[in-house]
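In what follows, a single structure is set out as structure tokens and then discussed.
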Amino acid sequence: MLASVALLAACSSDPSLPTGAAALEAARLNLQMGVDYARKGEYALAVEKLQRSIKEDPTLAESHSTLAFVYAQMGQPGPAEEQYRRALALGPDDANVRNNFGVFLCANGKPAEAQRFFVEAAGNKNYPTPAAAWTNAGVCARRHGDLDAAERYFREALQVSPKFPEALAQMAWLTNQQKDYLRSRAFLQRYTDVAQPTPETLMLGVINERQLGDADAAQNYASRLLRDFPDSEQASNLKSPSP
């Protein structure tokens, strides 16, 4: 980290860079161009613009966090983690960065640290979507086999936002995984009351109803899956004969 700070300080003395208010404006312009390139998947150009933004204003936390995301998309976890930590050092109260860093950490084999960042993001009173952070914590715990922690986090999400679709879908999957098919059915119904079905949720409905012995309900889910998502993996699996 000290080496990175030194490098940025050296870059700030580049005579080709703007200074003062012009530097701040240029940094934000390059940040926006970097974001635009990232959205289009043009990551090399995004990196170029974001690095330029950081040279123009090394204290702009958003440039560091966006560059971290781009590096992660490019399969460069080392530079991504460095930029995330730099962004947090510059903006310690930015719950959105904490949530995004948690997603990155979980995907890179650090679930315990990831869940800490999710919980911190969810607990930030200025964060507009705490249910998303709680749900991310639950997804991370479930992915790494801690079903009890996953359920606690999903319930925290639903306590904050009882109709949060992703938390409802995750609870439906979790209770199915626990072979509690009645509860899974109930959570799936709550999900379908607030969100459009997906191939995954329709297939879950098929599985639940087959386990509960309701052939008509299972067929209804199956028909909707084949009709609305005929090219999905779930539809393909449904059409394949059981081994």
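The values are calculated or read from the model by the stated rules, or taken from the named source; none is laboratory data. What you see is a predicted model, and the numbers here were worked out from it, not measured in a lab. Using ideal geometry, Cβ is built from the backbone for each residue, glycine included, and neighbour counts are taken over all protein chains shown.
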For a quick check of your reading of the model, give me the residue pairs whose first member lies in region 219-243 and is among the aliphatic types (A, V, I, L, M), whose second is surrounded by fewer than 15 Cβ atoms within 10 Å (Cβ to Cβ) and modelled with pLDDT of 95 or more, with beta-carbon atoms closer than 6 Å and at least 6 apart or on different chains. none
Anything in region 85-140 that is touching a Pro at 6+ places or on another chain (Cβ under 7 Å) and surrounded by 19 or more Cβ atoms within 10 Å (Cβ to Cβ)? List them, or say none. Ala122, Cys140
Applying the selection to region 132-151, what residues are part of a helix (DSSP H, G or I) and farther than 15 Å from Arg98 by Cβ? Gly138, Val139, Ala141, Arg142, Arg143, Leu147, Asp148, Ala149, Ala150, Glu151
When you scan region 64-84, how many residues do you find that are small (Gly, Ala, Ser) and crowded, with 21+ Cβ neighbours inside 10 Å? 4
